[in-house]
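Below: the structure, in structure tokens.
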Amino acid sequence: MMWKIVRHRAILLHGPAAAVLQIAHPRIGLGVMEHSRFEDAPLRRLMRTLDAVYAIAFGSEDEALAAARIVAARHARVTGDAAAHGVEGAPTYAADEIELLLWVVATLVWSSVGGYERSVGRLSPEEKESFYRDMRVFGTCFDLPIDYGPRDWRAFEDYFDRMIADPMLGAHAISRRVARAVARPGTPWWLWLGGHTITFIFSEILPPAVRDRLGFRRTFFSRINLALATMAFKLLARWMPDRLRFVEEYRRARRGERSVSRVTPTQSDVPARLSSQINTA
């Protein structure tokens, strides 16, 4: 199911919203503020996340483990003083906190399923369950234990709804600052020029409670822009040639250039250290 869903470029319509939903958590937002160039390159973190997702989903075992090591090395450097900024929880923060890892994976699940259903087609409950099981294994590549957090799709929906309802999510000034920088970047010039046009992604796609806390507002124009974007992405997903519909990593894997001989993930398709975990996911 990961191959079926993640291969589509069309699901990236929800990608920037997932990035903002992650930093709506103030401990993640603080880490991004203190350890990245979020104002100069607001979408760089999203692109790095996608690189890791594609390497693990479509690459060889060596490529998947290399991607996981790169992310782990970045996370090891992301620590700081949360108490000094009035961020609740432990006085110091670290990117590898288990709750933060769980939330990042949850936003990827949410955006992938939502983007697919908006642009490509409906997913059955069984398909959502299967995709969530794949993403649980994906999370272990970043040291998120397979037995931590929601165990099935229904439990995941309950967890996600509780997080969205938590007034902590999106209310802190740090989260609002970083979210605004991502949504309306000052650089590069071409992204600044189109910044107001793409703000609909956040006004219309973010869950309403978080959207309101972050200060995004729905307008007539944001609704129209989403409708137009949805039409364009549906056209991309259904009628464009494969080189436009699907990400390059998927097409390369299908051609066998990475020695991946599969159509859907199986137990033999993930690193050996994860094989024993799939059946218990």
Segment 219-235, subset among the hydrophobic types (A, V, I, L, M, F, W, C) and farther than 14 Å from R118 by Cβ, residue surrounded by the most Cβ atoms within 10 Å (Cβ to Cβ): F221
Unmet requirement for T266, which otherwise passes all of (1) closer than 22 Å to Y54 by Cα; (2) at pLDDT 95 or above: (2)
Residue list for segment 27-46, restricted to those being touching a helix residue (DSSP H, G or I) at 6+ places or on another chain (Cβ under 9 Å) and within 23 Å of G114 (Cβ to Cβ): I28, G29, V32, P42, L43, R45, L46
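Here is a yes/no grid of residues against (1) crowded, with 18+ Cβ neighbours inside 10 Å; (2) out of contact with any helix residue (DSSP H, G or I) (no Cβ under 6 Å at 6 or more places or on another chain):
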position: A19; (1), (2): yes, no
position: R48; (1), (2): no, yes
position: H75; (1), (2): yes, yes
position: V78; (1), (2): yes, no
position: D81; (1), (2): no, yes
position: A94; (1), (2): no, yes
position: S111; (1), (2): yes, no
position: Y116; (1), (2): yes, no
position: G121; (1), (2): no, yes
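Can you tell me which of R44, R74 is within 20 Å of A106 (Cβ to Cβ) and not aliphatic (A, V, I, L, M)?
Numbers: R44 fails: within 20 Å of A106 (Cβ to Cβ).
When all the criteria are applied, what remains is R74.
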Subset of segment 146-167 (residues that are surrounded by 15 or more Cβ atoms within 10 Å (Cβ to Cβ), among the aliphatic types (A, V, I, L, M) and modelled with pLDDT of 95 or more): M163, I164
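Within segment 58-83, which residues are in a helix (DSSP H, G or I) and either modelled with pLDDT of 95 or more or aromatic (F, W, Y) (or both)?
Here is the first cut: in segment 58-83, the ones in a helix (DSSP H, G or I) are 58, 61-77, 83.
F58, A83 - these are the residues of segment 58-83 that are in a helix (DSSP H, G or I) and either modelled with pLDDT of 95 or more or aromatic (F, W, Y) (or both).
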Cβ pairs under 8 Å, 6+ apart, first in segment 63-86 and on the phi > 0 side of the Ramachandran plot and in contact (Cβ under 8 Å) with a residue 12 or more places away in the chain, second among the hydrophobic types (A, V, I, L, M, F, W, C) and surrounded by fewer than 18 Cβ atoms within 10 Å (Cβ to Cβ): none
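The values are calculated or read from the model by the stated rules, or taken from the named source; none is laboratory data. Since this is a predicted model, take the numbers as computed values, not measurements. With ideal geometry, Cβ positions are generated from the backbone for all residues, glycine too; neighbour counts draw on all protein chains shown.
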